[in-house]
Amino acid sequence: MNFFAAFNDTVSPEVINRAAVYVEESAPKTQKAIEGLGLTLLGGLLKRTTSEIGVNQLFNYIQKGDYDGKITASLASTLKDPTQTHTLISHGNDTISHLLPAMKSSIANMISSYAGIRNSSAVSLLGLTSGIVLDVLGKHVRDGKMDADALAAALFEQRDEFVQKVPDSLLPQLIEKVGLQQIVAGVAVPARRIAPAQPVGRSAGSPAVPISPSYEVANNDGDGNSSLSKIGIYVLIAAVVGVIGYMIYYNSKNQALNDQDSNLTPASTTDVSESDTVARSMDVPIDTTQRAVPRSTTAVAGTKVPPATVPAVVPAGGGTLATDLKNYMADVTAPKGRTFPLSAVSFQPGSASMTPGSAPVIMDIANFLKANPAAQIRLVGYANDAKGAITNKSLSFKRVNAIKSMLVAQGINFIRVDAIGLGTGVKIKPGDSTAVRQPTMRKIDMKVVYK
């Protein structure tokens, strides 16, 4: 699926002009608003399809709203008639209110400011663009004979291009208003619906029962299928209970073995256990690499390896940053807000790909956040080596989000890590030839926002 090509084909100059006349705004501003709304709605639907309910809702609204390509095929003609235009806008606004609940006003305000149009115009264009976006998706669903899961997967295939196409002036607001931190960081994935239990008695080799995306409850036709489905559900529940029981037994057995070894564990591991308990109470993932190492099994028979000679597993990191952060947190008089330059973090020229030597620094940050569950940080990036169509601001944003993605992969809650890209760091007012140009920057800073 190529969403952007289909959307751009639909939003022709004729469509832009007719929409501009309807909302009484200039054509350039109307075009900017519609393009911004298209990106905003795509981002919102990407976020929506990270949940099973969202996947089903999007698919259902496309089916029930007859979004199958007919609207976009005759859009220019529809916009000639104010009555039909009003109906299309009303229907689009109603649908998007259900798909992106409580976001319509904030989206309209954001686009109003971004495109320089009235708020009422932004609301009307939101309804129009919603119809266009859903009809473009519906056409792909029809042509590709997609189910809900295939639609969600196809949407996420547009994620990289979506991040590239969002203008620098819109991206920060879009992330904040629609909550696209995980989408932009590449952490989120499309949800997959759970397949229902297979009815008992299905012959081998017969086709699987398709997953119905409808919310409507099917009537019992009295042919016994309902009873068979119930039996299938009971079988599934029994299987789940069995798996849970095995997991409890397995964990209990491992715990017993660990208790036996605990008598040989050095006393220094007490602090690790206490910190683990605190971390669990704060719902922060534990770094298992910090646990005590079992005794070596390679000792010569008849000899006993003293605990002091057991080699410790040293996690990646442990450099200067780790020491600076530890000293900073230990100093109760040090105020929050200190900035630590991440001078050891570097990227390939013009790219968001980190060099191999950067990984230990990221591990230092991850270990710091795990050890301090209340801490929150802000990554601020600068770039001056962008190439091609990408701007320095976009590149700086992608780089800090690459670091954020690595931290999230280590179990850090994405909410605790803010990521901002400031481009070259040089700001000069347009037309100001008297300003003294400052040197551009290429670096990443980490600010401890909250201790």
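Observations, loosely collected:
- Estimated FRET transfer efficiency (Val189, Lys70; beta-carbon r; R0 30 Å; 0.05): 0.40
- Other residues lying with their Cβ under 12 Å from the Cβ of Gly179 contribute a combined charge of +2, Lys and Arg counting +1, Asp and Glu -1.
- Dipole-positive endmost among Leu342, Val448, Val361 within the stretch 322-451 (Cβ charges, Cα centre): Val448
- The lysines whose alpha-carbon is closer than 25 Å to the alpha-carbon of Lys32, local same-chain residues fewer than 8 away aside, are Lys47, Lys70, Lys80, Lys104, Lys139, Lys165, Lys177, Lys387, Lys393, Lys398, Lys427, Lys429.
- Just the protein heavy atoms count here, and of the accessible area of the stretch 79-119 at 1.4 Å, carbon and sulfur take up 54 percent.
- Here Ser12 and Thr333 are evaluated by their C-beta separation; at R0 = 45 Å the FRET efficiency comes out at 0.10.
- The phi-based Karplus calculation (6.51 cos²θ - 1.76 cosθ + 1.60; θ = phi - 60°) puts the 3J(HN,Hα) values of the stretch 53-67 at 5, x, 4, 5, 5, 4, 4, 5, 5, 5, 5, 6, x, 6, 8 Hz, whole numbers, x for Gly and Pro.
- In order along the stretch 5-22, the phi-based Karplus estimate (6.51 cos²θ - 1.76 cosθ + 1.60, θ = phi - 60°) of 3J(HN,Hα) comes to 5, 5, 5, 5, 5, 6, 7, 7, x, 5, 5, 4, 5, 5, 5, 5, 5, 5 Hz; Gly and Pro are listed as x.
- Accessible-area value, Thr320, 1.4 Å probe, nucleic acids and ligands omitted, Å²: 100 Å²
- On the beta carbon distance between Ile420 and Asn119, with R0 = 25 Å, the FRET formula returns roughly 0.40.
- Extension gain from Gln63 to Val21, taking 0.36 nm per residue of separation minus the Cα-Cα distance: 12.1 nm
- Distance between modelled label sites at Gln164 and Ala409, nm, 7 Å Cα→Cβ extension: 2.1 nm
- Zone of Thr320's modelled label, taken as backbone nitrogen in the stretch 340-355 under 16 Å from a point 7 Å along Cα→Cβ: 340-346
- Rh by Kirkwood over Cα pairs, then Stokes-Einstein D for the stretch 56-123 at 1.306 mPa s and 10 °C, µm²/s: 119 µm²/s
- Solvent exposure of the stretch 331-434 amounts to 47 Å² per residue of accessible area, where only protein heavy atoms count and the probe is 1.4 Å.
- Cut-off 20 Å, label 7 Å out along Cα→Cβ of Thr355, residues of the stretch 377-403 by amide N: 380-387, 395-403
- Partners for Lys451 among lysines (Cα-Cα distance below 16 Å; same-chain residues under 8 apart left out): Lys326, Lys336, Lys370
- Protection proxy ranking for 345-351, 378-384, using the average of other Cβ atoms within 10 Å per residue and placing the highest first: 378-384, 345-351.
The values are calculated or read from the model by the stated rules, or taken from the named source; none is laboratory data. These numbers come from a predicted model, not from an experiment. So basically every Cβ, Gly included, is an ideal-geometry build from the backbone, and we count neighbours across all protein chains shown. Accessible surface is based on the protein model in full, side chains and every heavy atom, while ligands, DNA and RNA are left aside. Shrake-Rupley method; radii C 1.70, N 1.55, O 1.52, S 1.80 Å.
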